[in-house]
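The structure under discussion appears below in the form of structure tokens.
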Amino acid sequence: MDRSAARVVELDVRPHLRKKLEPFSLIMDTVKSLNADEIFVLHATFKPTPLFGVLKMKGLAGKAEQAGKEHWISTFVHKKNKSWLLDPGAGAGAADRAPASDGVCAGDASGAPGQGTFADDTGAQADGAAAAPRIVELDNRGLEPPKPMMRTLAALDRCRSGDAVVIHNDRVPMFLIEELHGLGYPYTVEEQSDGSAKVRIRKP
């Protein structure tokens, strides 16, 4: 099918984000309804960088372009149609490429609690020589939805089997927990005295 004949499905989550509501489940419901020859266009207030890693796991390629202040347009297509993202005038974008800064595993090879780190916007890479399970720690407090959830899922995507991701969120991440159930990832939740929550997730 030619790109010009493809159906475009648009979703604008800017109103949700401005109200500090979590739109991740809405995004994923839309993605689940797509067929292989449809184009998904997402409008958000920021560049949803970790979402590229999450949707890559689901067979989608994407690119993002800034259309204005607090307006980013991200376009996703099935990986077999990723050439559509490179059409003249469509922008080169980051087709089928997930950023290394949102989910690189690193840390003490012993896997001891508290020793893991997260290479966020530093370009640091994991030590490939470490064979033992590792810990990745993410402090998601203060981040606006859906950044905490997408950042966490992107980290899990880049970890190896047996590694763990420990996140500290402002509250119990109910939407994330629902997604973990669907993915079959074991987890534990530890609520903190200040109302925040720590969640430890193991990659099977």
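Derivation of every value follows stated rules applied to the coordinates shown; laboratory data play no part. Worth saying up front: this structure is predicted, and the values here are computed from it rather than measured.
The Kirkwood hydrodynamic radius of region 3-86, based on inverse pair distances between different Cα atoms, is 13.0 Å. For region 133-181, taking the reciprocal of the average inverse distance between every pair of different Cα atoms yields a Kirkwood hydrodynamic radius of 11.1 Å.
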